[in-house]
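The values are calculated or read from the model by the stated rules, or taken from the named source; none is laboratory data. Just so it is clear, the model here is predicted, and its values are computed rather than measured. Here the Cβ is made from the backbone with ideal geometry for all residues, glycine too, and neighbour counts use every protein chain on show. Calculation scope for accessible area: heavy atoms of the full protein, side chains included, ligands and nucleic acids excluded. Shrake-Rupley method; radii C 1.70, N 1.55, O 1.52, S 1.80 Å.
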Amino acid sequence: MLKKIPFFNNKQSKASIHNTERYTEDNTPDHVAIIMDGNGRWAKKRGMPRVAGHKEGVSSVVKIVKAAVKCKVKVLTLYTFSTENWKRPKPEIEFILRLPKGFLHMYLPDLISNNVRIETIGDMENLPATTREAIQYAIDHTQDNDGLQLNFAINYGSRHEILNAMKEMLTDINDAGLSLDDVDEQRFSRYLYTAGIPDPDLLIRTGGEKRLSNFLLWQSAYTEFWFTDVLWPDFSEKEFLYALEEFRQRRRRYGGI
Ligand code: IPE
Ligand code: IPE
Ligand code: MG
């Protein structure tokens, strides 16, 4: 069982309120994507089974969602389970895929009262039915919210997404009279899971690895990357705010000068 930690409480220190206010002023990234890595190593360091790291990682999700709401980030995409993670031992997979249900069971009321809209990217079909149902319930009950869009990337793989998009677009070219001349980056993007969502401005990866691991390959063409050795269960609002501060200082040129 997950132990509920406060989502929003009134006991924030003055310092953290102050810090957060600074970041809402300007140049806050609209879309932050996070590769939440390092759960297994966090557990191993403590002599615990890997799944203990995944369980602890949920506390970080709660903290970072809360921080993103406060900072007025518009979209937060969390890499929860990749198409490659099916290679892991079955009990670990089952444990990870049960977590969304537990998280939503505990925090959906808080998310709703904070105007958060839940969405997913990835192939939901192969998920356990109970996980799918819990997520669909959360999507249905938050669809009218217009605060933070919280995207869970579950059973997500960028190459699969791009191939699928290409197949669907080719079908429209063959069957629906879509002309090749109409195909451009914007139109192609509409076939991706992220249709309608702005590309990530900032991508954070915890856990020390410096790679994308098949995450948002198309969408991160001009994303700013921020890496930290901190393992996901140890990742806190402080590091999140620090990443946002670094982002504010980057100069994005998009190929210009
Ligand atoms: C990230 O932590 C969570 C998932 C991939 C689901 P890991 O489980 O990859 O943790 P490490 O990288 O082995 O420490
Ligand atoms: C990326 O982490 C996937 C998620 C965080 C869900 P991995 O731990 O699976 O990535 P690799 O295997 O180290 O590249
Ligand atoms: Mg990992």
Excluding ligands, DNA and RNA, the carbon-plus-sulfur percentage of the accessible area of the chain with a 1.4 Å probe reads 50 percent
Provide Rg and Dmax in Å for segment 27-104, with only Cα atoms included in the calculation. 13.8, 42
What lysines does Lys66 reach when the alpha-carbon gap must be under 20 Å and sequence neighbours fewer than 8 apart in one chain are set aside? Lys3, Lys4, Lys11, Lys14, Lys55, Lys74, Lys101, Lys238
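Given the Cα-Cα distance of Tyr137 and Lys45 and 0.36 nm per residue of separation, how much length would full extension add, in nm? List each step's numbers first, then the result.
Values: separation 92, 0.36 × 92 = 33.12 nm, distance 3.62 nm.
Contour length minus the Cα-Cα distance gives 29.5 nm.
Averaged per residue, what accessible area in Å² does the chain show with a 1.4 Å probe, protein chains only?
Per-residue accessible area for the chain comes out at 53 Å².
So what is the diffusion coefficient of the chain in µm² per second by Stokes-Einstein at 37 °C and 0.692 mPa s, using a Kirkwood Rh over Cα pairs?
Values: Rh = 19.2 Å.
Roughly 171 µm²/s, to the nearest whole number.
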With a cap of 16 neighbouring Cβ atoms within 10 Å, and only residues DSSP puts in a loop, list the trypsin sites (Lys or Arg not before Pro) found in segment 140-211. Arg190, Lys210, Arg211
Taking the chain as a Gaussian network, Cα atoms linked when under 10 Å apart, which of Gln186, Gln136, Gln219 shows the biggest mean-square fluctuation? Gln186
Which of the aspartates and glutamates could a cross-linker bridge to Lys44, judged by Cα under 15 Å and excluding same-chain residues fewer than eight apart? Glu56, Glu92, Asp234
Note down the relative contact order for the chain as a percent, whole number, built from C-alpha pairs under 8 angstrom at least six residues apart. 27 percent
